[in-house]
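Read the structure below first, then the notes.
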Amino acid sequence: MSIESVIETKHWRTTAPTSGTISGAAGSPNILGVGTVFLTDLDVNDMIVAEDSLGRRAMGQVMTITDDLNIVLRNNLVNAITAGASFSIIKVADLTQPFFRADNTINRAAVIAPVNFSPLGVVEAGVFLSEINRNEGVFVKSLFIRMPFQYTLADSAFVLRFSYLNNSGTPLGAITALGEISYFNVPGENIEIPVNKFVPTPLSTGTSTWQIGVDVENGLSNLSSTYSVDDFEIASVSQVNAPDSLQGQFLPIAVGLRILHADNALL
């Protein structure tokens, strides 16, 4: 028997800091902690999330961890974070979806790609199921990119590459059955592109299971990467008519496959 599933890049999750509160000024990248242990809780490229002075969600990606009480973000805060604000953390290890920073002061925002390949799977009761039985292949029916809210691509395209992964997320080699020798050039969003290809199990994994991974080949590695708003080779998102309420937030983009697989394939 086989079943149809939709597998996507894993959604973000937030974790609580060990202790402390934060504050920051509008238009500044500097975050001041009180009772915080930034050196323990944070890594470079982690994100912090807090409520700003207007009651909106403020987000920032960590560029420098100066000490336990001071960090510098890669971006300036849109609104102030009032002293005594609680915060949460999105760890860089959980940034498995490509994302962009909402900024309606510019017409294009670069897509930021997670490091290396992101596993595709499904969340079941809080557990991310992404592993396929070593004895099973999968039939890929279609590919899609799901954008948040009303955002669209900005006259550019996604270049996606698919790879076999072992159950630790280590790449095992390109899935040449998908796209042009593992590459897909995707010019639009919120549509399903027919694929209709069988992906066999990899020849050697060293384990009892394997995964499908995807990478945005033309995304930036972080917010400080070189980017021009006229750079059409970089995957980018239109900021035209973007709502002010989302200004400064990091918004994830889902990449997914519709597959047919054995009814016990995803673990």
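No lab work stands behind these numbers, since they all come straight from the coordinates. Only a predicted model underlies this, so the values are computations on that prediction, with no experimental measurement involved. Please note: Cβ atoms are built from the backbone with ideal geometry, for glycine as well, and neighbour counts cover all protein chains shown.
The calculated 222 nm mean residue ellipticity attributable to helices in the chain amounts to 0 deg cm²/dmol, summing -39500 (n - 2.57) over DSSP H runs of n ≥ 4 and dividing by all residues. Seen from F87, the other residues with C-beta closer than 12 Å to its C-beta sum to a net charge of -3, counting Lys and Arg as +1 and Asp and Glu as -1. With θ taken as phi - 60° and the Karplus curve 6.51 cos²θ - 1.76 cosθ + 1.60 applied, the whole-hertz 3J(HN,Hα) list for region 20-28 is x, 10, 9, 8, x, 8, 4, x, 10 Hz, x standing for glycine and proline.
Find, to one decimal place in angstroms, the Kirkwood hydrodynamic radius of region 46-118, where the mean of 1/r is taken over every pair of different Cα atoms and then inverted.
13.7
Placing +1 on the Cβ of every Lys and Arg and -1 on the Cβ of every Asp and Glu, with no other charges, gives region 118-214 a dipole of roughly 160 debye about its Cα centre.
Using the Karplus relation 6.51 cos²θ - 1.76 cosθ + 1.60 with θ = phi - 60°, the per-residue 3J(HN,Hα) values for region 55-68 come to x, 9, 7, 9, 9, x, 9, 6, 9, 9, 9, 6, 6, 5 Hz, with x marking Gly and Pro. With the simple spin-label model, which puts each label point 7 Å out from Cα in the Cβ direction, the E51 to Q150 separation comes to 2.7 nm. Fewest to most neighbouring Cβ within 10 Å: what's the order for V138, V44? Ranked by crowding around the Cβ, least crowded first: V44, V138.
Computed about the Cα centre, the dipole magnitude for the chain is approximately 240 debye when only Lys and Arg (+1) and Asp and Glu (-1) carry charge, each at its Cβ.
Taking all pairs of distinct Cα atoms, average 1/r, flip it, and tell me the Kirkwood hydrodynamic radius of region 164-207 in Å to one decimal place. Computed over region 164-207, the radius equals 12.3 Å. Using the Cβ-Cβ distance between V34 and F198 with R0 set to 45 Å, the FRET efficiency works out to roughly 0.20. The alpha carbon centroids of region 202-241 and region 173-187 are separated by 13 Å. Among residues other than F128 with Cβ under 12 Å from its Cβ, the summed charge is -2 (Lys and Arg +1, Asp and Glu -1).
Normalised Debye scattering of region 67-223 at q = 0.13, 0.15 Å⁻¹ gives log10 I(q)/I(0) of -0.74, -0.93, counting only Cα atoms as equal scatterers and leaving out solvent. By the count of other C-beta atoms within 10 Å, a proxy for reagent exposure, L73, L165 are ordered fewest to most as L73, L165.
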